[in-house]
Amino acid sequence: MTGAPAALYVDFDNVFSGLLEQDEGAALRFAEHPEAWLPRLTEELGGPRWLHLRCYVNAGGSARHPRPDEPRIPFLPFRRHFARAGFEVVDCPPLTPQLKNAADIRLAVDAMDALHGPARVEEFVVASSDSDFTPLLTRLRAADRRTTLVTTFEPAEALTAAAGRHLDRDALLALVIGHRASPAPSDGRSLPPGWTAFELAVREEVARADVPLVLSELGKRLRRRLAGQMNGAGWYGHRTLSQALGALEIDGLRLSQHHVWDSTRHHRQPVR
């Protein structure tokens, strides 16, 4: 419903860590540019009018870097980006020796306050894969409110069943990078796990290149970048990198036997 009053609650630590396991570039884009993906999310949801925008973050916390030799990534520098994008940033420091914070409880309390507040909120959007939010979504549904769940980790079935609508990891990645993910194959098969992260990595590697990329070098970069989610020697169900690149629907992407390039930017075709 266009213009329907809505609330968005982002469990930052959960979402950022989940994206980081898939693709470092996507995670940083989510954390540093909420002003870019928020309008896309708004459009995806049918144009709600946000009454509440809240981001729950442990400012003293950090996430493990996907490359073990790199230091942990602190959350504190990202607070200002959400504040500038119009979010109310709610700090949720750890409360126990095990570093457990109360972000889930604080988020749930705020949602219940909004449910019973003076302005009627028609849709509640929760960005988290934490199954602790299952009772909250069930309660909101019982109050005849629309609910949307946005996840990065593989969520529990009970959590997704409690939500009226579910945007999974690939849908969020597509919103964050600003492109729709490549459509599913016409024979009805689903896209292989990690395909959207692969598409994002290809887009970014080609975009930052000033000249056509040598396929073998691109393959090395992609394997380093996507090492945590690639299984075996193939490329997401394709025997070679060229076959996987050919299955992507990226405007301007061109392939030869040894190179890949963007025909809208790289005006000279590569020589062998």
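The values are calculated or read from the model by the stated rules, or taken from the named source; none is laboratory data. Predicted model, so just to flag it, every value in this text is computed and none were measured. Positions of Cβ are backbone-derived with ideal geometry, glycine not excepted, and every protein chain shown enters the neighbour counts. Only protein heavy atoms, including side chains, enter the accessible area calculation; ligands, DNA and RNA are left aside. Shrake-Rupley method; radii C 1.70, N 1.55, O 1.52, S 1.80 Å.
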At a 1.4 Å probe radius, carbon and sulfur cover how many percent of the accessible area of the chain?
-> 51
Residues with amide H under 5 Å of Val89's amide H, sequence separation 5 or more or different chain, H placed in the peptide plane at 1.01 Å from N; which?
-> Cys55
Suppose every K and R has +1 on its Cβ and every D and E has -1 on its Cβ; what is the size of the dipole of segment 17-151 about the Cα centre, in Debye to the nearest 20?
-> 240
Scalar couplings 3J(HN,Hα) for segment 147-158 by Karplus 6.51 cos²θ - 1.76 cosθ + 1.60 (θ = phi - 60°), nearest whole Hz, x for Gly and Pro, are 10, 10, 10, 10, 10, 10, 5, 5, x, 5, 4, 5
Where Glu205, Glu217 fall by accessible area, highest first, once all protein chains stay in place (1.4 Å) | Glu217, Glu205
With all protein chains present and a 1.4 Å probe, the order of His65, His166 from largest accessible area down is His166, His65
Extension gain Leu28-Lys220, at 0.36 nm per residue separation less the Cα-Cα distance, in nm?
-> 67.0 nm
About its Cα centre, the chain carries a charge dipole, from +1 on Lys and Arg Cβ atoms and -1 on Asp and Glu Cβ atoms, whose size in debye to the nearest 20 is 600
Considering the dipole of the chain built from charges on the beta carbon (Lys and Arg +1, Asp and Glu -1) around the Cα centre, which of Gly246, Ala59, Gly86 is farthest to its positive end?
-> Gly246
Ranked by GNM mean-square fluctuation in the chain (Cα springs under 10 Å), the top entry among Pro71, Pro34, Pro118 is Pro118
Excluding ligands, DNA and RNA, what is the solvent-accessible area per residue of segment 1-133 at a probe of 1.4 Å, expressed in Å²?
-> 46
Mind listing the long-range amide H neighbours of Ser62? Cut-off is under 5 Å, sequence gap 5 or more, other chains count too, H placed in the peptide plane at 1.01 Å from N.
-> Phe75
Pick out, from Ser128, Gly18, Gly164, the residue whose Cα sits farthest towards the positive end of the charge dipole of the chain, with +1 on the Cβ of Lys and Arg and -1 on the Cβ of Asp and Glu.
-> Gly18
Which value at 222 nm does the chain reach when only helices count, each DSSP H run of 4 or more adding -39,500 (n - 2.57), with the total divided by all residues and rounded to the nearest 500 deg cm²/dmol?
-> -11000 deg cm²/dmol
Given H placed on each backbone N at 1.01 Å, which residues far from His259 in sequence or on other chains put an amide H within less than 5 Å of it?
-> Leu215
Hey, what do the phi angles of segment 63-75 turn into as Karplus ³J(HN,Hα) couplings, whole Hz, using 6.51/-1.76/1.60 and θ = phi - 60°, x for Gly and Pro?
-> 10, 5, 5, x, 9, x, 7, 9, x, 4, 9, x, 7
